[in-house]
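The values are calculated or read from the model by the stated rules, or taken from the named source; none is laboratory data. Nothing here was measured: the structure is a model prediction, and the numbers come from that model. All Cβ positions, glycine included, derive from the backbone under ideal geometry; neighbour counts span all protein chains shown. Heavy atoms of the whole protein, side chains included, go into the accessibility calculation; ligands, DNA and RNA do not. Shrake-Rupley method; radii C 1.70, N 1.55, O 1.52, S 1.80 Å.
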Amino acid sequence: MMWVAFILIPLSLGAADVTIDHVTVAGKDLKTMQANLAAVGIASEYGGPHSNRATEMALASFPDGSYLELIALQPNADAKAAASHYWAKQMEENAGPCAWAIRVKDMGAEVNRLQGAGVPVSAPERSGRARPDGTRLDWETAQIGKDARGSFFPFLIRDFTPREQRADPSGKPTTDDFSGVARVVILVRDLKAAISRYRRTYDLPAPSRQTDDRWSAALAGFPGTPVVLASPLNDRSWLAARLKQAGEGPAAFILRARSGKPHDAPTKSTWFGSTVSWFDSQKLGWWLGFE
């Protein structure tokens, strides 16, 4: 079989560059998630509470500007706001990967492009949070499609305040061991239908395809993009169990290593010509890899 290596650069899809802004991991307790991430060698810092009166976050930031967000309910969250949050179920069930976002320079232009392609997209919605040092952050987001926010398709985000204040609260990345988030592994029920939706939305060529016996998954990756679609090959795999519990959406994230520092990675996969090393999912509580 012929493998096609991925070159992960921002790719022009229609009128949009699919550049990862951040990926999100949901759980019940923020400090526990930070400790678990530190246990596999990745430092994070507290980012502060969101203005929704429900959630707070911490982040591991990377030199390319992307970051990994850990999100949980605030200790004294407003009960109504918490219950109605779009990731309430994922936080309550410690679901791990739950969403991803891409940054856009012109929100209006991208919303118009998607609507012109017949893709449902919400009106931009303003949001923000206050950093622990009191710095106020403001941005707007828009949801693509009718799925849960940032699950099948990424959601869009554009900053009103300087983006580096959001991505690097301390003025520098929390780690130099990884340059950024390289891939988002999206769990889907019907691989053929999912491929069709992505190709139609972003005018993509046919993806590279392979299977992974360890994951018991059929995979489809679009070269030049961070998107990897994964569908369980049978109903006995952990992916099938996750699909039943959490539905379609991110099942794992893959970072891009940039240093020779060794990391404890008990399992490895070969995906599209690249070796993916996986951190201990039992220690971390979810699937995170690097290449």
Rg(Cα)/(2.2 N^0.38 Å) for the stretch 208-291, N = residue count: 1.10
Computed FRET value (nearest 0.05) for Thr275 with Lys80, which takes r as the C-beta separation and R₀ as 45 Å: 0.45
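Show me the ranking of peptides 127-134, 282-289 by mean Cβ neighbours inside 10 Å, starting with the highest.
Going from most to least packed, we get 282-289, 127-134.
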For the stretch 246-291 and the stretch 157-209, distance of Cα centres in Å: 15 Å
Ratio of Rg to Rh over the stretch 45-181 (Cα coordinates, Kirkwood Rh, two decimals): 0.96
Value of Rg to Rh for the stretch 164-267 (Rh from inverse mean 1/r over Cα pairs, i.e. Kirkwood): 1.04
The stretch 116-216: equivalent-ellipsoid semi-axes (sqrt of 5 x gyration tensor eigenvalues, Cα, Å): 31, 21, 11
Förster radius 41 Å - calculated FRET efficiency between Arg214 and Lys31 (Cβ-Cβ, nearest 0.05): 0.85
Under-5 Å amide H pairs with Leu187, H placed in peptide plane, nonlocal only: Ala230, Gly249, Ala251
Added length on full extension, which subtracts the Cα-Cα distance from 0.36 nm per residue, Ala39 to Arg199: 53.8 nm
Ellipticity estimate at 222 nm from DSSP helix runs (n ≥ 4, -39,500 (n - 2.57)) divided over the chain, nearest 500: -5500 deg cm²/dmol
Residues with amide H under 5 Å from that of Thr267, placed H, sequence gap 5 or more: Trp278
Vicinal HN-Hα couplings computed from phi for the stretch 226-240 (Karplus, 6.51 cos²θ - 1.76 cosθ + 1.60; Hz; Gly/Pro x): x, 8, 10, 8, 9, 10, x, 7, 8, 8, 9, 7, 5, 5, 5
Accessible surface, per residue, of the stretch 129-216 when the full set of protein chains is kept, probe 1.4 Å, Å²: 43 Å²
Integer Hz, Karplus 6.51/-1.76/1.60 couplings in order for the stretch 98-110, x for Gly and Pro: 9, 6, 8, 9, 10, 8, 10, 7, 10, 4, x, 5, 6
Table column - 3J(HN,Hα) (Hz), the stretch 127-141, Karplus curve with 6.51, -1.76, 1.60, x for Gly and Pro: 8, x, 7, 10, 5, x, 7, x, 5, 8, 10, 9, 8, 10, 10
The chain: most fluctuating residue of Gly96, Gly247, Gly180 per GNM, C-alpha cutoff 10 Å: Gly247
Mean-position separation - Cα centroids, the stretch 92-113 and the stretch 38-82, in angstrom: 16 Å
Modelled label reach - Lys172, point 7 Å along Cα→Cβ, the stretch 251-277 residues with backbone N closer than 20 Å: 257-262
Surface/4 estimate of mean projected area, convex hull on alpha-carbon atoms of the stretch 50-119, nm²: 6.6 nm²
Inter-label distance, nm, simple model (7 Å from Cα along the C-beta direction), Asp133/Trp238: 3.8 nm
Debye log10 I(q)/I(0) at q = 0.13, 0.16 Å⁻¹ for the chain, Cα point scatterers: -0.88, -1.43
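How long are the semi-axes of the equivalent ellipsoid of the stretch 16-57, taking √(5λ) for every eigenvalue λ of the Cα gyration tensor, in whole Å from largest down?
Here the semi-axes work out to 20, 17, 9 Å.
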Nonlocal amide H pairs with Phe178, under 5 Å, H built at 1.01 Å: Arg258
Long-range lysine pairs (8 or more apart or interchain), the chain, Cα under 25 Å: 22
